[in-house]
Amino acid sequence: MPALRFLNEALIERIRERFGTPVYVYDQATLEQAAREVMAFPAPCSLVGRYAMKALPNRSVLRIFDAAGLHIDASSGFEAERALAAGIAPDKIQITAQEIPKDLKGLVQRGVLYNACSIHQLRTFGELFPGGELSVRINPGLGSGHNNRTNVGGPSSSFGIWHAKIDEVLAIASEFDLTISGLHTHIGSGGDPEVWKRCAQLTLGIARRLPDLNRLSLGGGFKVARLPDESSADLQDIGRHLAEDLASYVAGRGDAFQLEIEPGSYLVANAGAILAEIMDVVDTHTPASDDAPAEPGHDFLKVDTGMTELLRPSLYGAQHPIHVVPFIRGAAGASLDAAGATGEASTEEVDYVIAGHCCESGDILTPAPGDPEGLAPRRLPRARIGDTLVIEGAGAYAAGMNAKNYNAFPEAAEVLIGLDGEPRLVRERQTLEQALANEI
Ligand SMILES: Cc1ncc(COP(=O)(O)O)c(C=O)c1O
């Protein structure tokens, strides 16, 4: 069996027994290591690492990153409230949102920072807070994501103020006496590090047109290797590449000038996994008959997870490492088959399509790369009903982004493995009553 990142068979068994499946599992040591890497980004001035909390918003994770010195990027007023409820100081939270928070006034009065992402947002802020201070998000004209759906820069993206509108930005700032002290660009998730570097250069060009800046955010989107043949963005290399231009821009801007980077995935993607139970094994092979040759179909594993915990494969054909871990009979009263599980992985391998539990043909955990409508069966040890399926690389955009309560499946529990190696519940499994609580 290929190596698991932070889990092992005994731990998997314990987590299944104590917390059931499906369950998200996070690893504090991996989270803290990623935070250290972000904080070590080479910068010619002070550095703020801002965690894009949408990636994994559980309060335990926010608190780990807060303790590691990271600030927070919130994508809505509700996310900002969520961070405040987790105990994050308001001045460490910045809102970068597609819609204006209903309570923008209250949030800013409490000290939360605002990053205007459109001309309308900038004007609204000006009307609420004449003489106020804020940041602006600019679309620099270039984007990159691991696919088109995660690309948020360039002319096909509505995110941020189009770079050709800087004169309008300056005019609104002067109309409302606003200080634009922050400039922010974020061009996509999991994109090409070379495009990221080019975008950072473009951002410096835009920065030169905004005279009052004391904060420059180059965004997140650093590619993370989830599969063995992928490579992660090298933060040290990216930082070194930009060092000279950044240093010449920052020179003379005073000691208080801050460079920011704003990763989500990089901090959490490989610190999370989903444990699911294999609920059924079916196939669509047709054996040869007297008058027809055999027709191969597919071998399917049906699991008690899917779009309800992990939307990325069905949304954009995202690839995740997947392991079958044999379940030892009797441990948790799971529905095992009659053959008797031994705890040994089968030496026979099968190309499996893994189907999620939703009544939705698109609920597939093994889509073709970048093509949610295609199938890419995964070679795995022959599995039995009751075995555990481990889906790794499921820290980012998993628990925070899913088809919650579809088919009335309750939200899964979340468990954090602490630095002492002990798994602890950080979100209880939702009950059906909780899922239905607001129906009248
Ligand atoms: C404004 C902003 N910042 C940061 C991020 C984090 O991106 P990633 O998780 O790819 O690092 C996102 C995600 O799309 C974003 O919209």
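The values are calculated or read from the model by the stated rules, or taken from the named source; none is laboratory data. None of the values given here were measured: they were computed from a predicted structure. FYI the Cβ positions are ideal-geometry reconstructions off the backbone, even for glycines, and counts take in every protein chain you see.
The set of residues in region 59-90 being assigned to a loop (DSSP other than H, G, I, E, B) and either more than 13 Å from the ligand (Cβ to nearest atom) or in contact with a Gly (Cβ under 8 Å, 6 or more places away or on another chain) (or both) consists of Ala68, Gly69, Leu70, Ala86, Gly87, Ile88, Ala89. Any residue that is within 16 Å of the ligand (Cβ to nearest atom), assigned to a loop (DSSP other than H, G, I, E, B) and either within 16 Å of Glu309 (Cβ to Cβ) or at pLDDT 95 or above (or both) - is there at least one of those in region 416-427? No - not one qualifying residue is present in region 416-427.
Just a yes or no: is a residue in region 49-58 away from the ligand (no atom under 16 Å from the Cβ) and either among the small types (Gly, Ala, Ser) or in contact (Cβ under 8 Å) with a residue 12 or more places away in the chain (or both)? Lay out the reasoning, then the answer.
To start, the set of residues in region 49-58 that are away from the ligand (no atom under 16 Å from the Cβ) comprises none.
Taking every residue of region 49-58 in turn, none turns out to be away from the ligand (no atom under 16 Å from the Cβ) and either among the small types (Gly, Ala, Ser) or in contact (Cβ under 8 Å) with a residue 12 or more places away in the chain (or both).
Please work out which residue is surrounded by the most Cβ atoms within 10 Å (Cβ to Cβ), limiting yourself to region 153-171 and to residues that are within 14 Å of the ligand (Cβ to nearest atom) and of a type outside the set (Ser, Thr, Tyr). Steps first, please.
Going through region 153-171, the residues within 14 Å of the ligand (Cβ to nearest atom) turn out to be 153, 157-161.
After this cut, where a residue has to be of a type outside the set (Ser, Thr, Tyr) as well, the list is 153, 159-161.
Working: Gly153: 28, Phe159: 20, Gly160: 25, Ile161: 21.
This residue is Gly153.
Tell me yes or no: at least one residue of region 353-373 is in a loop (DSSP other than H, G, I, E, B), assigned by TED's automatic domain parsing to the domain that holds Arg18, out of contact with any helix residue (DSSP H, G or I) (no Cβ under 8 Å at 6 or more places or on another chain) and within 24 Å of Lys223 (Cα to Cα). Scanning region 353-373, I find at least one residue that is in a loop (DSSP other than H, G, I, E, B), assigned by TED's automatic domain parsing to the domain that holds Arg18, out of contact with any helix residue (DSSP H, G or I) (no Cβ under 8 Å at 6 or more places or on another chain) and within 24 Å of Lys223 (Cα to Cα), so the answer is yes.
Looking across region 123-152, the residues that are closer than 22 Å to Leu113 by Cβ, of a type outside the set (S, T, N, Q) and within 16 Å of the ligand (Cβ to nearest atom) come down to Leu134, Val136, Arg137, Ile138, Pro140, Val152.
On the basis of being at pLDDT below 95, assigned by TED's automatic domain parsing to the domain that holds Ser231, surrounded by fewer than 17 Cβ atoms within 10 Å (Cβ to Cβ) and not in a strand (DSSP E or B), does Ser144 make the cut?
Values: at pLDDT below 95: yes; assigned by TED's automatic domain parsing to the domain that holds Ser231: yes; surrounded by fewer than 17 Cβ atoms within 10 Å (Cβ to Cβ): no; not in a strand (DSSP E or B): yes.
No: the conditions fail for Ser144.
Just the residues that are of a type in the set (D, E, K, R) and either within 16 Å of the ligand (Cβ to nearest atom) or under 22 Å from the mean Cα position of the chain (by Cα) (or both), please, taken from region 233-285. If you could, list the steps in order and put the result at the bottom.
We begin by selecting, within region 233-285, every residue of a type in the set (D, E, K, R); these are 234, 237, 240, 244-245, 253, 255, 260, 262, 277, 280, 283.
Answer for region 233-285, where residues must be of a type in the set (D, E, K, R) and either within 16 Å of the ligand (Cβ to nearest atom) or under 22 Å from the mean Cα position of the chain (by Cα) (or both): Asp234, Glu260, Glu262.
Flag set for Asp177, criterion: charged (D, E, K, R), away from the ligand (no atom under 16 Å from the Cβ), not assigned by TED's automatic domain parsing to the domain that holds Val350 and not in a helix (DSSP H, G or I). Against the numbered list (1) assigned to a loop (DSSP other than H, G, I, E, B); (2) surrounded by 15 or more Cβ atoms within 10 Å (Cβ to Cβ), Asp255 comes up short only at (2).
Taking the stated definitions as given, is Val25 among the hydrophobic types (A, V, I, L, M, F, W, C) and in a helix (DSSP H, G or I)?
Details: among the hydrophobic types (A, V, I, L, M, F, W, C): yes; in a helix (DSSP H, G or I): no.
In short, no.
Here Arg149 meets the list (1) at pLDDT 95 or above; (2) outside any loop (DSSP other than H, G, I, E, B); (3) more than 30 Å from Glu32 (Cβ to Cβ); (4) not acidic (Asp, Glu) almost entirely, failing just condition (1). Return yes when Ala200 is over 30 Å from His323 (Cα atoms) and either basic (Lys, Arg) or within 16 Å of the ligand (Cβ to nearest atom) (or both) and no when it is not. Yes; evaluated as a whole, the condition is true for this residue. Cβ-Cβ contacts under 7 Å between residues 6 or more apart (or on different chains), taken from a first residue in region 205-231 that is within 30 Å of Val390 (Cβ to Cβ) and assigned by TED's automatic domain parsing to the domain that holds Tyr397 to a second residue that is within 14 Å of the ligand (Cβ to nearest atom) and not charged (D, E, K, R), are absent.
Does Arg5 meet the test of being away from the ligand (no atom under 16 Å from the Cβ), assigned to a loop (DSSP other than H, G, I, E, B) and touching a strand residue (DSSP E or B) at 6+ places or on another chain (Cβ under 7 Å)? Criteria met by Arg5. On the basis of being part of a strand (DSSP E or B) and in the same structural domain as Gly220 (by TED's automatic domain parsing), does Gly49 make the cut? Considered against the rule, which asks whether it is part of a strand (DSSP E or B) and in the same structural domain as Gly220 (by TED's automatic domain parsing), Gly49 comes out as yes.
In this entry, Gly400 is excluded by the filter for residues that are at pLDDT 95 or above, outside any strand (DSSP E or B), within 19 Å of Ile322 (Cβ to Cβ) and of a type outside the set (A, V, I, L, M, F, W, C).
Looking only at region 388-408, decide whether some residue is without any contact (Cβ under 8 Å) to a residue 40 or more places away in the chain, on the phi < 0 side of the Ramachandran plot, surrounded by fewer than 19 Cβ atoms within 10 Å (Cβ to Cβ) and not small (Gly, Ala, Ser). Step through it out loud before you land on a result.
Start the filter on region 388-408 by keeping residues that are without any contact (Cβ under 8 Å) to a residue 40 or more places away in the chain, which leaves 408.
Within this subset, residues satisfying the condition of being on the phi < 0 side of the Ramachandran plot are none.
No, because not a single residue in region 388-408 is without any contact (Cβ under 8 Å) to a residue 40 or more places away in the chain, on the phi < 0 side of the Ramachandran plot, surrounded by fewer than 19 Cβ atoms within 10 Å (Cβ to Cβ) and not small (Gly, Ala, Ser).
Can you name the number of the only condition in (1) surrounded by fewer than 19 Cβ atoms within 10 Å (Cβ to Cβ); (2) closer than 23 Å to Thr308 by Cα; (3) of a type in the set (Gly, Ala, Ser) that Ala273 fails? All conditions are met except number (1).
Does Gly219 count as in a loop (DSSP other than H, G, I, E, B) and either in contact with a strand residue (DSSP E or B) (Cβ under 7 Å, 6 or more places away or on another chain) or away from the ligand (no atom under 16 Å from the Cβ) (or both)? Full working, then the answer.
Values: in a loop (DSSP other than H, G, I, E, B): yes; either in contact with a strand residue (DSSP E or B) (Cβ under 7 Å, 6 or more places away or on another chain) or away from the ligand (no atom under 16 Å from the Cβ) (or both): yes.
Spelling it out, Gly219 is indeed in a loop (DSSP other than H, G, I, E, B) and either in contact with a strand residue (DSSP E or B) (Cβ under 7 Å, 6 or more places away or on another chain) or away from the ligand (no atom under 16 Å from the Cβ) (or both).
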